[in-house]
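K.L.:
Have a look at the structure that comes next, please.
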Amino acid sequence: MQALGGHGSRLRMLPMQLIPAVEADYTAIVQLANLAYRGDGRGGRESWNVESGVLAGQRLDESLLREELATKPQAHLLTFREAAGDKILGMVWLDPQPDGSWYLGLLAIRPHLQMRGLGHSLLAAAEDYASVRGARRLRMTVIYLRTTLIAWYERRGYRLTGETEPFPYGDERYGRPLRDDLYFAVLEKRLNSPAFPD
């Protein structure tokens, strides 16, 4: 259970609910992805996850989202909200692989709700969701320069595998690279392995 509430409001205890996204959610999902990963460009409160100095431009658009969903029909695009039909507070992408691993990506919480433990809870809920559907481990890729984010995942039981994947230079649909030395580090967690406290 997580406590939520704005300034001056009475805190409410909310269960973490993962609800499969539907087409009507796509615009909000794209907006949240761009806000969480790229910021609003106005100098307001930004996510600690913003990729400033590494990537610029969009993180996602609706055509790209639809393409990903069409080419990966087995994937699960999940939203976090208080109840079905409410505003999307967070999201995560889970994509089962043939070897029993699931790829985890697009994990994001609205910036104004960060620092309340919701990211940790969303990650745990995603792990549970995958586990009960047969996943033995989760894998993800993170730009190697994002050491704060990598450390956040390591505290939650993920480990660097030593594997890397190339950055897709030349395809700016996911953003415009600001450096010429980017690549992805691969992290993995065997499900039911322990996380470490902050």
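The values are calculated or read from the model by the stated rules, or taken from the named source; none is laboratory data. Just so you know, these numbers come straight off a predicted model, no measurement behind them. Every residue, glycine among them, receives a Cβ derived from its backbone with ideal geometry; neighbour counts consider all protein chains shown.
K.L.:
When the range 46-98 is examined, which residues are found to be within 23 Å of E127 (Cα to Cα), touching a residue at least 24 places away in the same chain (Cβ under 8 Å) and of a type in the set (K, R)?
P.N.:
R81, K87
K.L.:
Sticking with this structure for a sec: For the range 4-32, which residues satisfy the criterion of being modelled with pLDDT under 75, surrounded by 12 or more Cβ atoms within 10 Å (Cβ to Cβ) and under 27 Å from T148 (Cα atoms)?
P.N.:
Going through the range 4-32, the residues modelled with pLDDT under 75 turn out to be 4-16.
Narrowing the set further to residues that are surrounded by 12 or more Cβ atoms within 10 Å (Cβ to Cβ) leaves 4-5, 14, 16.
Result: L4, G5, M16.
K.L.:
Go through the range 101-132 and give me each residue that's of a type in the set (D, E, K, R) and closer than 20 Å to V186 by Cα.
P.N.:
So the first thing to find is which residues in the range 101-132 are of a type in the set (D, E, K, R), and the list is 110, 116, 127-128.
Answer for the range 101-132, where residues must be of a type in the set (D, E, K, R) and closer than 20 Å to V186 by Cα: just E127.
K.L.:
Still on this structure, please answer the following. Tell me, which residue of the range 163-189 that is part of a loop (DSSP other than H, G, I, E, B) and touching a residue at least 60 places away in the same chain (Cβ under 8 Å) is nearest to G57 (Cα to Cα)?
P.N.:
G175
K.L.:
Take L160 and decide whether it is surrounded by fewer than 16 Cβ atoms within 10 Å (Cβ to Cβ) and assigned to a strand (DSSP E or B). If you could, list the steps in order and put the result at the bottom.
P.N.:
Numbers: surrounded by fewer than 16 Cβ atoms within 10 Å (Cβ to Cβ): yes; assigned to a strand (DSSP E or B): yes.
In short, yes.
K.L.:
Sticking with this one: Give just the number: which of (1) of a type outside the set (A, V, I, L, M, F, W, C); (2) in contact with a Phe, Trp or Tyr (Cβ under 9 Å, 6 or more places away or on another chain); (3) surrounded by fewer than 18 Cβ atoms within 10 Å (Cβ to Cβ) does D128 not satisfy?
P.N.:
Result: D128 fails condition (2) only.
K.L.:
What is the number of the single condition among (1) part of a helix (DSSP H, G or I); (2) touching a His at 6+ places or on another chain (Cβ under 8 Å); (3) of a type outside the set (G, A, S) that E127 does not meet?
P.N.:
Condition (2) is where E127 drops out.
K.L.:
Right, another one. From the residues in the range 95-114 that are under 20 Å from R173 (Cα atoms) and of a type in the set (A, V, I, L, M, F, W, C), which one is surrounded by the most Cβ atoms within 10 Å (Cβ to Cβ)?
P.N.:
A108
K.L.:
Right, here's the next one. Any residue at all in the range 103-123 that is modelled with pLDDT under 95 and farther than 22 Å from L35 by Cα?
P.N.:
No, the range 103-123 contains no residue that is modelled with pLDDT under 95 and farther than 22 Å from L35 by Cα.
Table: residues versus (1) over 18 Å from G105 (Cβ atoms); (2) at pLDDT below 95; (3) in contact with a Gly (Cβ under 6 Å, 6 or more places away or on another chain).
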position: N34; (1), (2), (3): no, yes, no
position: G43; (1), (2), (3): yes, yes, no
position: N49; (1), (2), (3): no, yes, no
position: L55; (1), (2), (3): no, yes, yes
position: D61; (1), (2), (3): no, yes, no
